[in-house]
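Enquirer: Sharing a structure with you now.
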Amino acid sequence: MIRLPVLAAIALLWLPGAASALPGGNQLAAEASPYLQSHAADAVHWRAWGPQAMAEAKVLNRPIFLSIGYLACHWCHVMQRESFASGESAALINELFVPVLIDREERPDLDFIYQNAAAMLDLPTGWPLTMFLSHEGQPFFGATYIPKDAGLGMPAFADVLRRVNDAYTSDPEGVIRDAAMVGRALAAANRPQAGEVTPKHRAKAAKAYMAEADSLSGGFGEASKFPNWPALMLLWRQHLRSNDAAIGDFVKLSLREMVRGGLYDHVGGGFFRYTTEPLWHTPHFEKMLDVNAGMVRLLTQIWRETKDPELEHAIAATIDFLTRELRHPHGAFISSLDADSLTATGEEHEGAFYRWREADIRAVLGSGAEAFFAGYAVAPLENAPGETEPEWGTLYRQDTRTDPETVPETVPGALKKLFSARAQRSRPKRDDKILADGNGLAIRALSEAGFAFGRPDWTQLATEVFDASIQALIGPDGRMHQSAVVGDQAVRRGPMATLSAITAMGHSAISLFEASGDVAHLRRAETWAELISTHHKDLNGPGFFADAEQAVATPIRLKPVFDDPNPAGNSSAVSLFARLYYHTGKAAWRKLASATLEAFGATAQTPTIGTAAMMNAADDLMAALQVVVIGEAAKTDTATLLKAIAGRSLPAQVLQVIAPGTILPDGHPAQFKEQIDAQATAYVCRGTVCSLPATAAGELDENLAIFRKDPR
C-alpha cells in the first residue's frame with residue numbers, strides 16, 4: 001500500500017476551478033463497443049482510450065478522468081444516470097479534466113493495471129472503476145462508484161472532482177511525480193518471483209483454501225460470494241490426488257448450494273456473476289459468458305465422478321441458456337446480459353427481469369403453487385434507493401433432497417410456466433461483443449461436456465462456435481483480436497488479443513481436438529501458442545505480458561499471475577504449453593511451460609485463492625494423465641473405452657484416440673504400445689510409466705483410479 005501526499009491534498013484542499021470547458025464534445029459515436037456506444041449521448045465529453053487523449057491532457061495541462069466499466073454493470077448505469085448523462089458533475093468533468101471511458105472487456109489489460117493500482121493505493125476496487133491519471137496515464141487517485149450526493153460517509157461526486165482538480169492545479173509537478181512513483185511500484189510488485197513448485201505445494205494451497213472455506217454454505221468468504229471455479233477446481237484435484245474426503249465433500253457442498261441458491265437462475269438456466277451475501281440467495285443479476293463457461297467446466301468435472309442429477313440438470317440448463325440467449329446470429333457467443341431491466345412501470349431496476357413476488361408466482365401457478373413452494377422459496381430483496389416496486393425477491397430451492405425426481409411432479413411444469421410468464425417482461429440489454437477469452441472458455445466447456453455426457457450435439461455446437469469465433473476475431477494478418485462486433489455487412493475488430501484471450505482460445509482448440517479427433521484444431525492451438533512467444537514475451541526476463549507489444553497506449557506492461565477470477569494469463573499459458581507438449585511430444589513446449597512456472601513459482605510458497613490457476617497449471621504439467629486409446633473411432637469397442645474414461649473425473653487428462661499402427665511422438669511413454677487381440681486397447685500413463693493394457697471398461701476404470709492418485 002502506498003501513501004501519497006496528493007491523497008491528503010485531495011482530502012483537504014477546497015479551491016475554485018479555473019479551467020474552461022473541454023472542446024470537441026463527446027467522441028464515442030464512432031466506437032464499436034456497445035458499452036462505449038451506450039455513453040455516446042452523455043453530456044460528458046468522453047474520449048476513447050488512446051494517445052490522442054493523453055496528448056490532449058498534456059496540451060491542456062489537465063489530469064485524465066478515467067472510468068472503466070462494462071455494459072452489464074449495474075452501478076455503471078447508476079453513475080451514468082446520476083452524473084454522466086447531464087448535470088453539474090458532467091459539466092465539471094468537461095471543465096477540469098480530459099474524460100476517458102474504457103470497456104474493461106475490450107481492454108482487460110488496462111483494467112488489470114488500474115485495479116492493481118487502486119489496491120496499491122488502498123482504494124476501493126471493482127466497477128465502475130474511477131481513476132484520476134497524469135497525462136502519461138499514471139494513476140494518483142481513484143474510487144469505484146461515487147454518488148452524486150453526499151451520504152453514507154461518502155462525499156458528493158462534484159466535491160471529489162473539485163478536490164482532485166485543486167490538488168493537481170496547486171502542485172501539478174508533485175502529482176505527476178507521485179503518479180510516476182505509483183507506476184514504478186506497480187511494476188515492481190508484479191515482477192515475477194521465481195521458485196520451485198512441487199505437488200506438495202498443491203496440498204499446501206488446498207490446506208490454505210480450506211482455512212477460508214465456508215463450511216455451512218460452501219464457497220469462500222463471509223460477505224459477497226463468487227463462484228471462484230479455479231479455486232474449487234484445485235481443491236477437487238487435491239481430493240482426487242489424495243483421496244481426502246473432507247475436501248471432496250466441501251467442493252460438492254459448494255456446488256450444491258450454488259445450484260440450489262439464487263446464484264443459479266432456476267427458471268431460465270445459467271448463473272449470475274456473484275451474490276451479495278454468503279448464503280448464495282441474492283445475486284448481482286448480470287449474466288456473463290465467462291462465468292457460465294467456468295461453471296459448466298467445473299460442474300462437468302465433478303459430475304464425471306458423482307453422477308449427481310442436480311449437477312447434470314444445471315449443466316444442461318446452462319448450455320440451453322447459452323444457446324438460447326447468448327448466441328450471436330453470426331454463430332459465436334456474445335459477452336453478457338445486463339444486470340438492469342425495466343419494470344412493468346417503466347423504471348430501470350437491477351434484476352427486474354428475474355425478480356419475483358410470491359403473489360405473482362401464485363397467480364401464474366394457481367392450484368400448483370403449494371406444491372411448488374414445498375421445494376422453492378423467494379428470498380426477499382431490499383429496495384435500492386429510489387425503487388418503488390415492493391416485495392421483490394429471488395427464487396431459490398429450499399428443500400435438501402438431492403434427487404430432482406423426488407421433487408413434486410408439478411415443479412418442472414411450474415418452472416416452464418414461470419419461464420413463459422417471465423418472457424413477457426422487458427428483457428435485459430445484450431452486449432453483442434464477441435470476446436476471444438469468453439468464447440474460448442465456453443468452447444472448452446462445451447467440448448468437455450460433450451465428451452463427458454456423450455452429447456455429440458454439444459461437441460458440434462462447440463465446433464460451430466469455434467469456427468464463428470475465428471471468423472470474427474482473426475484478422476487478415478492472422479492475428480487474434482480481443483473483441484469483435486459483427487454487423488450485417490462488416491466485422492469491426494477491437495484491440496489485439498490479450499495473453500488470457502489467446503490462451504483461452506488455444507485451450508478450446510485442444511479440447512476440441514480431444515473431443516473430435518480433428519488434428520487441425522491441434523495445429524491451430526500451436527499457431528496461437530507461437531503468437532504468445534512472438535508478441536507477449538519479455539525480451540529481458542521470464543514470463544509473458546498481458547498485452548501485445550502493439551497494444552495502444554499501455555502505460556505499464558504487467559505479467560498477470562493473479563486470477564480475476566478467470567485463470568491469469570501466465571497460469572493459462574503454462575497449462576497450454578503443457579498440453580501441447582503432451583500431445584505433440586515437442587520438448588520446446590515443455591521447456592517453455594517449465595520456465596514460465598518456475599518464473600512465478602514463489603506464489604506457491606504463500607498460496608492465495610487468487611493463484612489457484614497457477615497451481616492447476618502446475619498439476620497439468622507435472623501430473624498429467626496421458627490416456628491413449630488404440631482403436632477405430634467409429635467402432636463399438638472404442639466407444640466403450642471412451643465411455644469409461646468419461647466416467648472418471650480427470651482434471652489433468654490428455655486424451656488421444658489413435659488408429660492401430662499410428663506412431664506416437666518420440667518420448668511418449670506409450671509410443672510402441674499395441675492393441676491386444678485386435679481389440680480397442682487403452683493405456684494410462686503418468687510420467688514415464690504406463691498401465692497394463694485394458695480392453696474392458698472395468699480394467700480401464702481401475703487403471704484410471706490408480707494412476708490419478710499422487711504416488712505414495
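Quick note: the coordinates plus some simple rules give every number you see, no bench work behind them. The structure displayed is predicted, hence computed values, not measured ones. Cβ atoms come from the backbone with ideal geometry, glycine included; neighbour counts cover every protein chain shown.
Enquirer: Report the one residue of Q679, F220, A374 whose Cα lies farthest in the direction of the positive end of the charge dipole of the chain (charges on C-beta: Lys and Arg +1, Asp and Glu -1; origin at the Cα centre).
Expert: Q679
Enquirer: Full extension from K591 to T323: what is 0.36 nm times the residue separation minus their Cα-Cα distance, to one decimal in nm?
Expert: Contour length minus the Cα-Cα distance gives 92.6 nm.
Enquirer: Here's something else I'd like to know. How high is the relative contact order of the stretch 5-189, in percent, counting Cα pairs under 8 Å that sit 6 or more residues apart?
Expert: 27 percent
Enquirer: Sticking with this structure for a sec: Which of T498, T608 has the fewest other C-beta atoms within 10 Å, and how do the rest follow up to the most?
Expert: Going from least to most buried by this count: T608, T498.
Enquirer: Something else now. Report the calculated FRET efficiency for D457 and R357 (r = Cβ-Cβ distance, R0 = 45 Å), to the nearest 0.05.
Expert: Efficiency computed from Cβ-Cβ geometry: 0.75.
Enquirer: So what is the 222 nm mean residue ellipticity for the chain from helices alone, if each DSSP H run of at least 4 adds -39500 (n - 2.57) and you divide by all residues, rounding to the nearest 500 deg cm²/dmol?
Expert: -14000 deg cm²/dmol
Enquirer: Using +1 on the beta carbon of Lys and Arg, -1 on that of Asp and Glu, and nothing else charged, what's the dipole of the chain about the Cα centre, debye to 20?
Expert: On the way: 65 positive and 82 negative charges, 263 e Å.
Computed charge dipole of the chain: roughly 1260 debye.
Enquirer: Compute the signed sum of charges (Lys and Arg +1, Asp and Glu -1) over the other residues within less than 13 Å, Cβ to Cβ, of N94.
Expert: -2
Enquirer: In what order do E286, E358, E370 fall by count of nearby beta-carbon atoms within 10 Å, going from fewest to most?
Expert: Taking fewest neighbouring Cβ atoms as first place, the list is E370, E358, E286.
Enquirer: Using unit Cβ charges (K, R positive; D, E negative) and no other charged atoms, how large, in debye to the nearest 20, is the dipole of the stretch 142-285 about its Cα centre? Walk me through the intermediate numbers first.
Expert: Values: 17 positive and 15 negative charges, 134 e Å.
Roughly 640 debye for the stretch 142-285.
Enquirer: OK, next. If you fit an axis through the alpha-carbon atoms of helix 612-622 and take the longest principal axis of the Cα set of the chain, what angle between them do you get, 0 to 90°, nearest 10?
Expert: Between the helix axis and the principal axis of the chain, the angle is about 30 degrees.
Enquirer: What ³J(HN,Hα) values, in whole Hz, does the Karplus curve 6.51 cos²θ - 1.76 cosθ + 1.60 give for the stretch 65-82 when θ = phi - 60°, with x put for Gly and Pro?
Expert: 8, 10, 10, 10, x, 7, 5, 7, 7, 4, 6, 4, 5, 4, 5, 5, 4, 6
Enquirer: Arrange the peptides 322-334, 247-259 so that the one whose residues have, on average, the most other Cβ atoms within 10 Å appears first.
Expert: Numbers: 322-334: 19.4, 247-259: 21.8.
Going by the mean number of other Cβ atoms within 10 Å, highest first, we get 247-259, 322-334.
Enquirer: Full extension from A344 to T198: what is 0.36 nm times the residue separation minus their Cα-Cα distance, to one decimal in nm? It would help to have the intermediate numbers written out before the result.
Expert: Working: separation 146, 0.36 × 146 = 52.56 nm, distance 5.71 nm.
Extra length available between A344 and T198 comes to 46.9 nm.
Enquirer: So, counting K/R as plus one and D/E as minus one, what does the shell of residues with Cβ under 9 Å around L28 add up to?
Expert: Working: positive: R47; negative: E31, D42.
For residues surrounding L28, the net value is -1.
Enquirer: Taking R0 as 22 Å, what's the FRET efficiency between Q550 and A41 from their Cβ-Cβ distance, rounded to 0.05? Numbers along the way, then the final one.
Expert: On the way: r = 32 Å, r/R0 = 1.43.
According to the calculation, E is roughly 0.10.
Enquirer: Tell me, in nm to one decimal, what length is gained between A639 and D477 on full extension, where the rule is 0.36 nm per residue of separation less the Cα-Cα distance? Could the numbers behind the result be given before it?
Expert: Values: separation 162, 0.36 × 162 = 58.32 nm, distance 4.01 nm.
Extra length available between A639 and D477 comes to 54.3 nm.
Enquirer: What is the antiparallel percent of DSSP beta bridges lying wholly in the stretch 625-707, to the nearest 5? Each step should come with its number before you reach the end.
Expert: Numbers: 9 of 15 bridges.
For the stretch 625-707, the DSSP antiparallel bridge percentage is about 60.
Enquirer: I'd like the orientation of helix 245-260 relative to the chain: the angle between its Cα long axis and the longest Cα principal axis, in ° from 0 to 90, rounded to 10.
Expert: Relative to the chain, helix 245-260 is tipped by roughly 60 degrees.
Enquirer: Please label the shape of the stretch 5-189 as rounded, prolate or oblate, based on the square roots a ≥ b ≥ c of the eigenvalues of the alpha-carbon gyration tensor (a/c under 1.5 means rounded; beyond that, a/b larger than b/c means prolate, else oblate).
Expert: Rounded, since a/c falls under 1.5.
Enquirer: May I ask you to sort K586, K591 by Cβ crowding, counting other Cβ atoms within 10 Å and putting the fewest first?
Expert: By the 10 Å Cβ count, ascending: K591, K586.
Enquirer: Tally Lys and Arg at +1 and Asp and Glu at -1 over the other residues with C-beta under 11 Å from the C-beta of S38: what net charge comes out?
Expert: Taking every other residue near S38 into account, the sum is -4.
Enquirer: Quick one, which of (i) 56.1; (ii) 40.6; (iii) 30.7 is the actual mean projected area of the Cα convex hull in nm² calculated for this model?
Expert: It is the value labelled (iii).
Enquirer: Can you give the FRET efficiency to the nearest 0.05 for L152 and Q671, using r as the Cβ-Cβ distance and R₀ = 51 Å?
Expert: It comes to 0.15.
Enquirer: What is the angle, in °, between the Cα long axis of helix 587-599 and the longest principal axis of the Cα atoms in the chain? Nearest 10 is fine, range 0 to 90.
Expert: Value to nearest ten degrees: 50.
Enquirer: Which whole-number percent is the relative contact order of the chain (Cα, under 8 Å, 6+ apart)?
Expert: Computed value for the chain: 12 percent relative contact order.
Enquirer: Sticking with this one: Considering the options S691, A646, H668, tell which one lies farthest towards the positive end of the dipole of the stretch 625-707, charges being +1 on Lys and Arg and -1 on Asp and Glu at the Cβ, about the Cα centre.
Expert: Among S691, A646, H668, the one farthest towards the positive end of the dipole of the stretch 625-707 is A646.
Enquirer: Separate question: If I model a spin label as a point 7 Å beyond the Cα along the Cα-Cβ vector, how far apart are those points for A211 and L60 in nm?
Expert: My value for the distance between the label points is 5.0 nm.
Enquirer: I want to check the label-to-label distance for L539 and A490. Put each point 7 Å from Cα in the C-beta direction and report it in nm to one decimal.
Expert: 3.4 nm
Enquirer: Considering the dipole of the chain built from charges on the beta carbon (Lys and Arg +1, Asp and Glu -1) around the Cα centre, which of G541, L499, A180 is farthest to its positive end?
Expert: Farthest towards the positive pole: G541.
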